[in-house]
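The values are calculated or read from the model by the stated rules, or taken from the named source; none is laboratory data. Since the structure is predicted, the reported quantities are computational estimates derived from the model, not experimental observations. Glycine gets a Cβ as well: all are built from the backbone with ideal geometry, and neighbour counts include every protein chain shown.
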């Protein structure tokens, strides 16, 4: 089977680098599935799970991203994430606390900017919790 090179990076670190048969992630307009030799594409990504099918492995590599940019070339996929966390490092208690804090901030907003920031934090926390649930179902 054909493969492509995949890089998932955030401002803090390189999270994944290697060959893959398939990549799925939440694009701005919906879920994207990318196979080798995909047409070139640049788009924003929403908070959610990046799933990477590695050749010769039955399970997928699972990474949570809190948004960012996707660059697809026929032989390479690059995810430039605002924040990226390996699936094994996701913490449900932290994500739930972040969700509650964001909801509280939305209720007690001081300005439109505070409200918009709280909305973004809430979306990220909810996506992280959904990604955790999806990861557990696959395990």
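When residues of the stretch 27-49 are filtered for being under 22 Å from residue 137 (Cα atoms) and modelled with pLDDT of 95 or more, how many remain?
2
Suppose we filter the stretch 48-79 for residues that are under 15 Å from residue 15 (Cβ atoms) and either part of a strand (DSSP E or B) or touching a helix residue (DSSP H, G or I) at 6+ places or on another chain (Cβ under 6 Å) (or both); how many remain?
Final tally of qualifying residues: 19.
Scan the stretch 70-78 and give yes if some residue there is surrounded by 21 or more Cβ atoms within 10 Å (Cβ to Cβ) and at pLDDT below 90, otherwise no.
No, the stretch 70-78 has no match at all.
What's the number of the condition residue 66 fails, among (1) crowded, with 20+ Cβ neighbours inside 10 Å; (2) more than 23 Å from residue 117 (Cα to Cα); (3) touching a residue at least 60 places away in the same chain (Cβ under 8 Å)?
(2)
Among 31, 104, which is the only one that is in contact with a strand residue (DSSP E or B) (Cβ under 7 Å, 6 or more places away or on another chain), within 23 Å of residue 129 (Cβ to Cβ), free of Cβ contacts under 8 Å to residues at least 12 places away in the same chain and surrounded by fewer than 19 Cβ atoms within 10 Å (Cβ to Cβ)?
31
Of the numbered conditions (1) at pLDDT 95 or above; (2) buried (at least 19 other Cβ atoms within 10 Å of the Cβ), residue 7 fails exactly one; give the number of that condition.
Result: residue 7 passes all but (2).
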